[in-house]
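Report on the structure given below.
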Amino acid sequence: MIEPDPVPQRRLPRYGFHRHTETLHGRLAMLGFMALLAVELWLGHGLLVWN
């Protein structure tokens, strides 16, 4: 019986735009935006007030 060749394992890239890094950055951006909204609700005004 002939054994099939094993499927090669892909290494994760070290730099650039890739699905896992873009997913992580998107999630961190959403978390930061929600934190900003929570702080603005707690303070009662926006953080960028020029008064």
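Got at least one residue in the range 20-30 being among the basic types (K, R) and within 12 Å of the chain's Cα centre (by Cα)?
Scanning the range 20-30, I find at least one residue that is among the basic types (K, R) and within 12 Å of the chain's Cα centre (by Cα), so the answer is yes.
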Can you go through V39, V49 and tell me which one is surrounded by fewer than 10 Cβ atoms within 10 Å (Cβ to Cβ) and of a type in the set (V, I, T)? V49
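Listed here are the residues, each with its yes/no results for (1) at pLDDT 80 or above; (2) aromatic (F, W, Y).
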{"position": "P6", "(1), (2)": "yes, no"}
{"position": "Q9", "(1), (2)": "yes, no"}
{"position": "R14", "(1), (2)": "no, no"}
{"position": "E22", "(1), (2)": "yes, no"}
{"position": "A35", "(1), (2)": "yes, no"}
{"position": "W42", "(1), (2)": "yes, yes"}
{"position": "H45", "(1), (2)": "yes, no"}
{"position": "W50", "(1), (2)": "no, yes"}
Before we move on, is P6 surrounded by 10 or more Cβ atoms within 10 Å (Cβ to Cβ) and in a loop (DSSP other than H, G, I, E, B)? no
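The values are calculated or read from the model by the stated rules, or taken from the named source; none is laboratory data. Please read all numbers here as calculations on a predicted model, not as lab measurements. For neighbour counting, all protein chains shown are included, and Cβ atoms are generated from backbone atoms with ideal geometry for every residue, glycine included.
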